[in-house]
Every structure is written in structure tokens, then in C-alpha cells.
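Beneath this line is the structure, given in C-alpha cells, with notes to follow.
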Amino acid sequence: VDSSQLELPFWDDFSTVIQMPDTGKWMQGQGTAVIAPGIGIDPPTVNVAVFDGWNNMGVPYRADELAFGARDSLVSKIIDQDQVVAGKRETVYFSFFWQKEGNGEQPDEPDSLALLFMNKDKKWVRIWSVSGAEVQETDRFFQEIFHVDTAYFDPYFQFRFQSYGRLSGGFDSWNVDYVFMNYDRNENDLAYPDRALTSTPSSFLNNYAAMPYDHFIMDVASNLSTVQVDFYNMDSQVQPIEYSTLIRDTLKIYDQMDDLSVLDPNPGGFERRTIVSNPVD
């Protein structure tokens with residue numbers, strides 16, 4: 001097997017990187033979608049892949065304000081489908097979550113997001129697409145799942161998300177999250193044994209993200225706050241949550257507010273909730 005090829009399962013929730021996607025899973029280039037927090041509204045997990053008219057250097061694809069065409073994309077590295085044993089090939093499914101606009105700019109009628117698979121002839125085949133006019137909700141993530149036909153089984157299989165819209169900046173935004181391809185799945189495999197953080201933890205400072213130490217120390221109590229973070233139970237069943245909250249740098253833990261605390265009551269299936277720490281000392 002070529003050392004650059006991947007094998008199933010393929011899974012990425014984009015939670016471990018910012019800006020460029022994971023180099024072990026995705027092709028890299030200036031047209032690659034940016035990975036960012038805060039752009040998706042109620043995302044499955046903390047970061048999303050953002051598709052708009054800026055490349056990953058923050059530069060518009062075209063200066064012409066009304067120019068339209070293909071822009072941000074996200075292309076997987078090569079996946080060796082031949083490694084899937086014959087008895088499992090009918091059980092390979094591909095799923096992902098997508099959102100129109102979120103905290104970006106709203107796509108219109110001609111704008112679209114598409115999913116393409118590469119066939120054995122090395123040609124891209126459109127599997128799915130959605131236009132800006134097809135869905136009204138701009139604050140909801142939808143999940144799609146597709147059976148991967150054996151016509152796409154090849155040692156050099158790839159898949160690709162491609163957006164189309166204005167090329168002159170941060171327009172016509174789409175968000176993608178939680179991309180998962182594996183065998184032993186079916187069309188109803190839409191729940192996951194995952195309890196995922198969906199935001200970055202809030203500041204432990206009451207009013208600021210950062211402040212001068214001399215100002216902080218003048219009134220420590222009024223400058224400290226609890227810390228909170230949002231999470232999502234991606235399973236259809238009740239799942240217990242234990243969490244720890246601490247403030248540290250690379251050398252020292254300054255305060256531990258929670259040590260494997262149990263969230264009560266346990267979150268139900270597909271429930272979102274906010275975890276709030278005990279007070280900072």
C-alpha cells in the first residue's frame with residue numbers, strides 16, 4: 001500500500017486544528033476551506049470547515065465584485081478502497097453535516113455546495129448538492145448519508161466538497177462538519193457514541209478575555225468568573241458526562257474547579273447543554 005494512502009474509517013470533526021485542515025487527511029492548497037470556530041451555529045463539534053469567497057490566506061479569489069464560480073473546496077487524500085473486504089463493501093456509507101450561512105453571509109439562488117466522488121476513470125461525479133434557494137434555515141445543521149457504490153471502489157478513491165458562489169470575499173457561506181466514512185453502516189446510521197464540545201471554553205475573567213495583571217490584582221474577586229462550555233450528545237441514547245475544569249499553563253495548574261464532576265441529570269439523546277464550572281478561586 002502506498003504510504004500516502006488512507007484506509008477506512010475516515011473521520012474528521014475538525015476539532016484539533018485551526019485554519020488549515022489536518023494534513024494527514026486532506027489535500028492542501030490555497031483553495032482549501034478554512035477551519036474555524038464560531039462560524040457555525042450550534043455545530044456538531046467545536047470547529048467547522050468554512051466555504052466562502054476567500055482563500056485560506058484571506059484573499060478573495062477575484063477582485064471583480066460580481067464574479068461567480070468555483071471557489072473553496074475540501075479534497076480528501078487518497079483512500080484505498082481495495083482494503084475493504086468483499087463482505088463489507090455493501091455496508092460502506094459516507095455522512096456529513098452541513099449548514100447554510102451560520103454566522104457567515106447568506107447564499108442566494110445560484111450559490112451551491114456539492115459533494116463529489118472520484119470514479120475509477122479518475123473523473124469527479126457529483127453525488128449531492130444544495131443551492132441557496134433550496135433551504136431557508138440558516139441556523140441549523142443538516143446531516144446527509146450516502147451509500148458508497150462499489151463502482152467507486154478503487155485504490156485511489158477521493159471525495160471532494162466544492163462550493164460555488166461570489167469570488168470576491170466572504171460571501172455565500174457554507175459550513176461542513178463531522179465527515180465520516182466507514183463500513184458496517186446503513187442508511188439509518190445517524191447517531192454516534194460521541195459527547196462533543198461545541199464551543200471553546202469561556203474566559204475565567206468576568207468581563208474580558210485578557211487584562212493587565214496590575215489591574216486584575218486590584219480586585220481579584222470581581223474579576224473572576226465561572227467558566228462555561230457547550231456540548232452536544234450525538235447519541236440517540238442517554239449518555240453520562242464526567243468533566244474536569246482547570247486553569248493551567250504548560251508548567252503549573254493554578255486552580256482545579258471540577259475533578260471528574262458528574263453532570264446531573266445525564267444528557268438525553270441529541271441533547272445540547274452548557275457545562276458551568278464551580279467558581280474560580
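The values are calculated or read from the model by the stated rules, or taken from the named source; none is laboratory data. Since we're looking at a predicted model, the values are computed, not measured. No Cβ is skipped: glycine too gets one built from the backbone with ideal geometry, and neighbour counts run over all protein chains shown. Side chains included, ligands, DNA and RNA excluded: accessible areas come from the protein's heavy atoms. Shrake-Rupley method; radii C 1.70, N 1.55, O 1.52, S 1.80 Å.
At-a-glance table
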{"quantity": "Odd one out for Ile253 among (1) out of contact with any Ser or Thr (no Cβ under 7 Å at 6 or more places or on another chain); (2) within 14 Å of Ser203 (Cα to Cα); (3) not polar (S, T, N, Q)", "calculated": "(2)"}
{"quantity": "Residue that is least open to solvent (accessible area, probe 1.4 Å), among those in the stretch 128-156 that are within 20 Å of Asn186 (Cα to Cα) and aromatic (Phe, Trp, Tyr)", "calculated": "Phe153"}
{"quantity": "Flag if Trp11 is over 23 Å from Asn103 (Cβ atoms) and either surrounded by 17 or more Cβ atoms within 10 Å (Cβ to Cβ) or not basic (Lys, Arg) (or both)", "calculated": "yes"}
{"quantity": "Qualifying residues in the stretch 202-211 (those that are in a loop (DSSP other than H, G, I, E, B) and free of Cβ contacts under 8 Å to residues at least 40 places away in the same chain) - the one farthest from the chain's Cα centre (by Cα)", "calculated": "Met211"}
{"quantity": "Number of positions in the stretch 28-38 that are open to solvent by 10 Å² or more (accessible area, probe 1.4 Å) and in contact (Cβ under 8 Å) with a residue 60 or more places away in the chain", "calculated": "2"}
{"quantity": "Test: residue in the stretch 104-114 that is surrounded by 15 or more Cβ atoms within 10 Å (Cβ to Cβ) and within 21 Å of Glu187 (Cα to Cα)", "calculated": "yes"}
{"quantity": "Selection count where residues are outside any strand (DSSP E or B) and closer than 16 Å to Gln143 by Cα, scope the stretch 179-189", "calculated": "5"}
{"quantity": "Verdict on Phe51 being in contact (Cβ under 8 Å) with a residue 12 or more places away in the chain, of a type in the set (Phe, Trp, Tyr), buried (at least 20 other Cβ atoms within 10 Å of the Cβ) and under 30 Å from Tyr232 (Cα atoms)", "calculated": "yes"}
{"quantity": "Boolean, Arg160 is in contact (Cβ under 8 Å) with a residue 24 or more places away in the chain, out of contact with any Asp or Glu (no Cβ under 9 Å at 6 or more places or on another chain), open to solvent by 40 Å² or more (accessible area, probe 1.4 Å) and of a type in the set (D, E, K, R)", "calculated": "yes"}
{"quantity": "Asp214 vs. criteria part of a strand (DSSP E or B), modelled with pLDDT of 95 or more and over 30 Å from Gln81 (Cα atoms)", "calculated": "no"}
{"quantity": "Residue, farthest from Pro44 (Cα to Cα), within the stretch 190-201, restricted to residues that are open to solvent by 40 Å² or more (accessible area, probe 1.4 Å) and in a loop (DSSP other than H, G, I, E, B)", "calculated": "Pro201"}
{"quantity": "Filtered residue count, the stretch 220-239, keeping only those that are under 13 Å from Asp281 (Cα atoms) and either part of a helix (DSSP H, G or I) or open to solvent by 80 Å² or more (accessible area, probe 1.4 Å) (or both)", "calculated": "4"}
{"quantity": "The stretch 68-81: number of residues that are farther than 20 Å from Gln19 by Cα and surrounded by 15 or more Cβ atoms within 10 Å (Cβ to Cβ)", "calculated": "5"}
{"quantity": "Unmet criterion (only one of (1) of a type in the set (A, V, I, L, M, F, W, C); (2) open to solvent by less than 80 Å² (accessible area, probe 1.4 Å); (3) part of a helix (DSSP H, G or I)) for Val176", "calculated": "(3)"}
